[in-house]
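Asker: Could you have a look at this structure, given as structure tokens, before my questions?
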Amino acid sequence: MIYQLLTVGLVAGSVHLADSDSRRLTTEEVIAQCQENAQRSVTELKIETRAGAVDSSGWPMSHPCKFSYFEKACKQKMYESTYQKCITTLKGR
């Protein structure tokens, strides 16, 4: 549930930024903005662990970390997923 709310919020924010600012943004600015969004999503991500492993039992199958074992790998997947969604949203605008 938290993942879905976070993802919807980040995508909505990216769409808003895409509509308002992206026509003036350079490629470097878009990349920097998406990196910032992705880093924020990783920072805000709450990862439950059980016996040292990621406890993904409460996450939907679509969650990027559903089959991750280590917290670092989960955060990396979350970063990549959020970054790609942002880049896709802002691409071509």
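Asker: Any chance you could run the full-extension gain for THR43 through ASP55? It's 0.36 nm times the residue separation minus the Cα-Cα distance, nm to one decimal.
Answerer: Computed gain between THR43 and ASP55 is 2.5 nm.
Asker: Quick one: LYS46, LYS77, fewest Cβ neighbours within 10 Å first, how do they rank?
Answerer: Final ranking by Cβ density, sparse to dense: LYS46, LYS77.
Asker: Which order do peptides 67-73, 56-62 fall in by mean Cβ count within 10 Å, highest first?
Answerer: Details: 67-73: 13.9, 56-62: 12.0.
Answer by packing, highest mean first, reads 67-73, 56-62.
Asker: Please work out the Cα convex hull volume for region 20-93 and give it in Å³ per residue. If you can, show how the numbers build up before the last one.
Answerer: Values: hull volume 6.8 nm³, N = 74.
In region 20-93, the Cα hull volume divided by residue count equals 92 Å³.
Where a number appears in this text, it was derived from the coordinates with a stated rule and is not lab data. No experiment lies behind these values; they were computed from the predicted model shown. Methodologically, a virtual Cβ is constructed for each residue, glycine included, from the backbone with ideal geometry; neighbour enumeration extends over all protein chains shown.
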